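Report on the following structure.
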Amino acid sequence: MPELNPGSSAQEGRHLIPGVRKVIAVSSGKGGVGKSTVAVNLAVALSLNGSKVGLLDADIYGPNTPMMMGVEKPPEQKDGKIVPAESHGVKLISMGFFVPEETAVVWRGPMVHTAIQQFFRDVLWGELDYLLIDLPPGTGDAQLTLSQLVPLSGAIAVTTPQEVALHDVRKGLMMFQKVNVPLLGIIENMSYFVCGHCGHRTDIFSHGGGERAAEKLGIPFLGRIPIDPAIRDGGDTGRPIVVADPQSPQAAAFRDIAAKIAARLAETGAGEEEQGVERLLKKIKGPFADK
Ligand code: ADP
């Protein structure tokens, strides 16, 4: 199996979103593996750690982050731009705010492209340390569009431990590799279940698949998240487990992974050079920066 992580920095020739330092794609090979749950909890964990964080839910076919973040009102507009919603310290924009579910399922590539482009161009993200992008599952238009539009600092893949989900995740990661996006690692969700009554641990969807896949692909394994009613409940009630029960081992698992991602991004330094130049220019131009 070839080494998948070329260790390259952001793709060449793309423009950064002004003020946004790191753009991270959260992907999965198939739906229902908990990609949005992971994206939401990682975003909030990074924010709790003092970073400025945004979450762009680009999952046109199942945009459920507003519910998971407890956001009910659609974002407001200011001077023709969209002001992102804010919840648990994270700025949020979701397809779910703009497109009725029944409409999105018939969307074709160009429409996805335009929508994602608008989310970058027309949203007042402000200064962000991290912008996480919750992608639709698979290796479709949204992924390609995204890698053409912004220099991704890295991509994360969420999978469950069993073979079929892993096969899909490998395919998805190879797509990112082709367009030179650094692979930050694999997260294994719904990894095991610990009985709340007797403490017995059961590997519902087999064991260790995520770690083996990461090894084969030559990329980091970022960690395991248990399958747990409290995690699902956090999603259903708009209070992600990292805020609803910060002392729990489940919350600790998310925080640990968030810290690993931050550390790995700091290592690769993707996006820093360009951003540095931009900041310098701003400083030099001062009040005329936007002129
Ligand atoms: P995806 O974005 O991959 O389609 P979601 O994040 O929407 O998946 O999760 C699908 C369902 O599984 C949701 O109801 C969510 O609450 C639940 N879920 C996700 N991860 C876990 C977990 N670790 N434990 C329990 N339920 C989970």
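Per residue, how much accessible area does segment 20-288 have with a 1.4 Å probe, in Å²?
Per residue, segment 20-288 has an accessible area of 44 Å².
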> Could you give the semi-axes, largest first, of the ellipsoid that matches segment 20-288, computed as the square roots of 5 times the alpha carbon gyration tensor eigenvalues and rounded to whole Å?
Replying inline: 29, 21, 20
>> What distance in nm separates the two pseudo spin-label positions at Ala252 and Thr202, each 7 Å out from Cα along the beta-carbon direction?
In response: 2.4 nm
>> Can you give the FRET efficiency to the nearest 0.05 for Lys216 and Asp79, using r as the Cβ-Cβ distance and R₀ = 51 Å?
In response: 0.55
>> If the only charges are +1 at each Lys and Arg Cβ and -1 at each Asp and Glu Cβ, what is the size of the charge dipole of segment 20-288 around the Cα centre, to the nearest 20 debye?
In response: 560 debye
> Along the positive direction of the dipole of segment 20-288 (beta-carbon charges: Lys, Arg +1; Asp, Glu -1; about the Cα centre), which of Ile219, Gly234, Gly31 reaches farthest?
Replying inline: Ile219
>> Suppose accessible area is computed on protein heavy atoms with a 1.4 Å probe; arrange Thr159, Thr268, Thr237 from highest to lowest.
In response: Thr237, Thr268, Thr159
>> Tell me whether segment 172-248 comes out rounded, prolate or oblate; compute the Cα gyration tensor, take square roots of the eigenvalues as a ≥ b ≥ c, and use a/c under 1.5 as the rounded threshold.
In response: oblate
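Mind ranking Glu215, Glu188 by accessible surface for me, highest first, 1.4 Å probe? Please report the intermediate quantities before stating the final value.
Values: Glu215 145, Glu188 0 Å².
Of Glu215, Glu188, the descending order of accessible area is Glu215, Glu188.
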>> On a 1.4 Å probe surface of the protein chains, which of Asp134, Asp256, Asp79, Asp129 comes out largest in accessible area, and what is the full order?
In response: Asp79, Asp256, Asp129, Asp134
> What's the FRET efficiency of Asn49 with Leu144 using the Cβ-Cβ distance as r and R₀ = 30 Å, to the nearest 0.05?
Replying inline: 0.45
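The values are calculated or read from the model by the stated rules, or taken from the named source; none is laboratory data. Predicted model only: the values in this text are computed from it and were never measured. Methodologically, a virtual Cβ is constructed for each residue, glycine included, from the backbone with ideal geometry; neighbour enumeration extends over all protein chains shown. The accessibility values were calculated without ligands, DNA or RNA, using every heavy atom of the protein model including side chains. Shrake-Rupley method; radii C 1.70, N 1.55, O 1.52, S 1.80 Å.
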